1. Among all residue pairs at least 6 apart or on different chains, which show Cβ distances below 8 Å where the first residue, located in the range 254-274, is in contact (Cβ under 8 Å) with a residue 24 or more places away in the chain and open to solvent by less than 90 Å² (accessible area, probe 1.4 Å) and the second is in a loop (DSSP other than H, G, I, E, B) and not hydroxyl-bearing (Ser, Thr, Tyr)?
2. In the range 159-176, which residues are modelled with pLDDT of 95 or more and among the β-branched types (Val, Ile, Thr)?
3. (1) among the polar types (S, T, N, Q); (2) more than 60 Å from the chain's Cα centre (by Cα); (3) modelled with pLDDT of 90 or more: which one isn't true of Thr383, the others all being true?
4. Taking Ala175 as meeting all but one of (1) open to solvent by 80 Å² or more (accessible area, probe 1.4 Å); (2) touching a residue at least 12 places away in the same chain (Cβ under 8 Å), write down the number of the exception.
5. Sort out which residues of the range 125-172 are part of a helix (DSSP H, G or I) and of a type in the set (Val, Ile, Thr), and write them in order of number.
6. Considering only residues that are in contact with a Pro (Cβ under 9 Å, 6 or more places away or on another chain) and of a type outside the set (Phe, Trp, Tyr), look in the range 279-317 and name the one that is modelled with the lowest pLDDT.
7. Quick one: what pairs do we get from the range 377-399, first residue in contact (Cβ under 8 Å) with a residue 24 or more places away in the chain and more than 30 Å from Gln343 (Cα to Cα), second among the hydrophobic types (A, V, I, L, M, F, W, C) and part of a helix (DSSP H, G or I), C-beta under 7 Å, 6+ apart or different chains?
8. From the residues in the range 155-172 that are over 24 Å from the mean Cα position of the chain (by Cα) and surrounded by 15 or more Cβ atoms within 10 Å (Cβ to Cβ), which one is nearest to Ser227 (Cα to Cα)?
Amino acid sequence: MKKLSLLFIILLLSVSNVDLVSAHSGRTDSSGGHNCSEKSKAKGLCSGYHYHNGGGGSSSGGSSTGSSSNQSADKDCSDFSSYEEVVKYWNAKGYSKTYDPENLDGWGNTVDDGIPCEAPSGYDTSKINGSPEQIAKQNAAKDKANGETEGYKRGLSDGYSEKESNSTPVKGSDAYIEGYRSAYKKGYEEGKSKINAEKEQAEKEGYALGQKTDKLELPGKYNKNVSLKSSYESGFNKALNERIKEKEKEYYAMGFKNGKDDIQEELNGLEENFLKSYSKGFEEGQKKLKQRYFDKGYQDAFKYVNFKKPNLKKDKYVEWYKEGFNSNTEVKEIQSLAYNMGQSGKVLEIPEKYIASKKIFNHYYEIGAEEYQDQQQKENTQTALGFVALITGWLGRRFYVAKKMIA
């Protein structure tokens, strides 16, 4: 009887053990949850009691074979040695918030947030496939890329059109604005460089045309762009003006030579600006010619006491000569010095610097010397008359005295 009782107890325990094993397969209790081990807590995988594999209700029935097969392929967070291993496993399986067959996203107190197990504090969850942070990061990257594309395009257009730089978009996320601004600046600079290079080329082509012809013919490729058209015209006008200036110089030189040679040419049909250049050159040439005759008259004033009409071809040459002759003030100094020397009775002595004007010096010295002699003669005459008067008076006195004595 005792043996039967013992056998019954063993059999009862065996049956109970089968139910217990079935209830706790996969390390969960009959409610589908279990306590976090100290090892898992240390890894930061969990913090306390939690449900797993859809736990939280009564265990569903089913064959023990099927249950054992599913549980052997299933993992829970305590099976991983680190959180990086959790992420690697999650990403390799392609799991996400909407696809989590092992229910790793249901571990702990936060369920269905797209984050497997419990991420350690400060962990970059954007590395986790399908996480909100990864999605946000990807969206930000797309926004930034779109901003860069559109910003560069707009900047390139504005820079090429030579508009004022404006790198602020009308709307968009922070990432979009960041991408837009940086790309806009790059595009704007490239646009400016491009239009400047094209303007430079247009100006060169216009300049080349202006060197050949006076008629502006604008190429069609520059006709639709105001800046390029302006640059082409600027180059053309620059070359044209240079040619005009050179031509004006040629007519000035011609006029100057003719003016010096005193030859006036008839320039019929000449453009007004070229005619002015010629006239200006002719006037300057005439001034040079006049100066030549003026200087000759000035120098001859040192040689001749009085003006003598020179034998020149034209009356105006004579007038210029006479004007120079009469304007010589230096000769006045020579005349004054020579006159004073003669008038003071000094011996004639011509200073070295006036040797070239010897004739004039002698002439005015003689004038002064004659006046000196006349003065001396007058003084001598007055002295003699005074002496005679003195003698006459003395004799009269003596005669008067003698006469008195006789009487």
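1. Note: pairs meeting the criteria are Met254/Glu265; Asn258/Gln264; Asn258/Glu265; Asp262/Lys314; Phe274/Leu267.
2. Those that are modelled with pLDDT of 95 or more and among the β-branched types (Val, Ile, Thr): none in the range 159-176.
3. If we test Thr383 against (1) among the polar types (S, T, N, Q); (2) more than 60 Å from the chain's Cα centre (by Cα); (3) modelled with pLDDT of 90 or more, just (3) comes out false.
4. Among (1) open to solvent by 80 Å² or more (accessible area, probe 1.4 Å); (2) touching a residue at least 12 places away in the same chain (Cβ under 8 Å), the lone unmet condition for Ala175 is (1).
5. Kept after step one, since they are part of a helix (DSSP H, G or I), are these residues of the range 125-172: 125-127, 132-160.
Those that are part of a helix (DSSP H, G or I) and of a type in the set (Val, Ile, Thr): Thr125, Ile135, Thr149.
6. So in the range 279-317, the residues in contact with a Pro (Cβ under 9 Å, 6 or more places away or on another chain) come out as 293, 296-297, 300, 317.
If we keep only those that are of a type outside the set (Phe, Trp, Tyr) as well, we get 296-297, 300.
Working: Lys296: 95, Gly297: 94, Asp300: 91.
So, considering only residues that are in contact with a Pro (Cβ under 9 Å, 6 or more places away or on another chain) and of a type outside the set (Phe, Trp, Tyr), the one modelled with the lowest pLDDT is Asp300.
7. none
8. Restricting attention to the range 155-172, the residues satisfying the condition of being over 24 Å from the mean Cα position of the chain (by Cα) are 168-172.
Those still in the list that are surrounded by 15 or more Cβ atoms within 10 Å (Cβ to Cβ) too: 169, 172.
On the way: Pro169: 26, Gly172: 33 Å.
Only one residue fits best here, namely Pro169.
The values are calculated or read from the model by the stated rules, or taken from the named source; none is laboratory data. All of these numbers come straight from a predicted model, not from anything done at the bench. Quick reminder, even Gly has a Cβ in these numbers, built from the backbone with ideal geometry, and neighbours come from all protein chains shown. Quick note on the areas: whole protein, heavy atoms, side chains included, nothing else; ligands and nucleic acids left out. Shrake-Rupley method; radii C 1.70, N 1.55, O 1.52, S 1.80 Å.
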